[in-house]
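The values are calculated or read from the model by the stated rules, or taken from the named source; none is laboratory data. Because the structure is a prediction, the values reported are computed rather than measured. For neighbour counting, all protein chains shown are included, and Cβ atoms are generated from backbone atoms with ideal geometry for every residue, glycine included. Quick note on the areas: whole protein, heavy atoms, side chains included, nothing else; ligands and nucleic acids left out. Shrake-Rupley method; radii C 1.70, N 1.55, O 1.52, S 1.80 Å.
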Amino acid sequence: MRSPFLNISGKRIPRILLGTSPFIGAGQFGARSRIYFSKFYLNPKNIVKIIDRCIELGIIGIQALPEEPIIWAIREALKKYEEIIVVPSIISVRDIELMQEFECPLMLIHGAITNSRKVRMLEELLDRIRETGSLAGLVTHTPITTMKWLINKNLKYEALMLPVNKIGYMIDGTLDAMKHLVSKLGKHIIAKKVLAAGRIPVKEAIEFVSKLPFIDVIALGVASEEEAIETFTIAKQLFLKQP
């Protein structure tokens, strides 16, 4: 059995995180995007309901986008629960300052910034993250090309979040290429887009990433309490049972 937490330099990061893309109505959800935006972004009490259900299921980690309805919902949930571990994606110094209140073990630089490949900007943001006491990481939307680029850069970060799923959705290359590059980088890997925005059945999707030894953490977005029960029950059964 895996420990439910990944430990990096004394920081505890839940192996399974609640993703928050549905809560902003992200574009990958197609026709559902507007529905999700209305349901969650415009009515953040519904985000709190999802967080509540996840915590009841033992999922205390949130991979949070720096959007006000999501931050509000986390604050509301923290009024009821002693521990919620927030692993945010940040875009700016302002986001870093905003997220400090949650004493995040790890902050990740958003994929839009990572993919810009502006080394000085990335170095400055990584340094600012570390100044808060958090570990620093990167997110990418183009894992293969970005990892090839990162190999020759002396950026200081501990984790890399990238899309990993069975059908190659939003992945710019092969699984073999990904495995090779991950091995060369030697960073902790957080998998996103595991469910391919609902294009893969939950069990099939999680079973696939559970068998990949280079995946340390998974982030899973859900859009209802029923989805939370199904998704996170399966995730605990399959992902945490791996050695």
With all protein chains modelled, accessible area of residue 180 [1.4 Å, Å²]:
110
Once phi for every residue in the stretch 95-103 is put through the Karplus expression 6.51 cos²θ - 1.76 cosθ + 1.60 (θ = phi - 60°), the whole-Hz ³J(HN,Hα) values, with Gly and Pro written as x, are 4, 4, 4, 5, 7, 4, 4, 8, 6
Among 44, 20, 55, whose Cα sits farthest toward the positive end of the charge dipole of the chain (+1 at Cβ of Lys/Arg, -1 at Cβ of Asp/Glu, about the Cα centre)?
20
Given (i) 43; (ii) 29; (iii) 34 as possible values of percent of Cα pairs over 27 Å apart, the one from the coordinates is (ii)
Exposure ranking of 231, 132 by accessible area [1.4 Å probe, largest first]:
132, 231
Rounded to the nearest 0.05, what FRET efficiency is calculated for residue 241 and residue 120 with R0 set to 41 Å and r the Cβ-Cβ distance?
0.40
For the chain: accessible area per residue (Å², 1.4 Å):
45
Relative contact order for the chain using alpha-carbon pairs under 8 Å, separation at least 6, rounded to a whole percent?
21
Let me cross-check residue 179: its accessible surface, 1.4 Å probe, with only protein heavy atoms counted, in Å² to the nearest 10?
80
Mind giving me the FRET efficiency for residue 98 and residue 174? R0 is 51 Å, r the Cβ-Cβ distance, nearest 0.05 is fine.
0.85
Rounded to whole Hz and in sequence order, give me ³J(HN,Hα) for the stretch 160-167 from the Karplus expression 6.51 cos²θ - 1.76 cosθ + 1.60, θ = phi - 60°, writing x for Gly and Pro.
10, 9, 8, x, 9, 7, 5, 9
Spelling it out for residue 161: with amide H atoms placed in the peptide plane at 1.01 Å from N, the residues 5 or more places away or on another chain with amide H under 5 Å from its amide H are 138, 139, 140, 190
From the helices alone, meaning DSSP H stretches of at least four residues, give me the mean residue ellipticity at 222 nm for the chain, per-run term -39500 (n - 2.57), in deg cm²/dmol to the nearest 500.
-11500 deg cm²/dmol
With +1 assigned to the C-beta of every Lys and Arg and -1 to the C-beta of every Asp and Glu, and no other charges, what is the dipole magnitude of the stretch 1-139 about the Cα centre in debye, to the nearest 20?
500
Would you mind working out the magnitude of the charge dipole of the chain relative to its Cα centre, with +1 at each Lys and Arg C-beta and -1 at each Asp and Glu C-beta, to the nearest 20 Debye?
620
Roughly how far apart, in whole Å, are the Cα centres of the stretch 35-100 and the stretch 202-217?
24
Each label point is 7 Å from the Cα along the Cα-to-Cβ direction; what then is the distance between the points at residue 156 and residue 8, in nm?
1.5
So who's got an amide H within less than 5 Å of the one on residue 61, skipping anything under 5 residues away but keeping other chains? H placed 1.01 Å off N, in plane.
18, 85
To the nearest 20 Debye, how big is the dipole of the stretch 91-215 about its Cα centre, given +1 on the beta carbon of each Lys and Arg and -1 on that of each Asp and Glu?
520
Distance cut-off 31 Å, Cα to Cα: go down the list 118/187; 45/156; 166/241; 80/211 and report the pairs above it.
45/156; 80/211
On the protein heavy atoms, probe 1.4 angstrom, tell me the percent of accessible surface of the stretch 28-143 carried by carbon and sulfur.
50
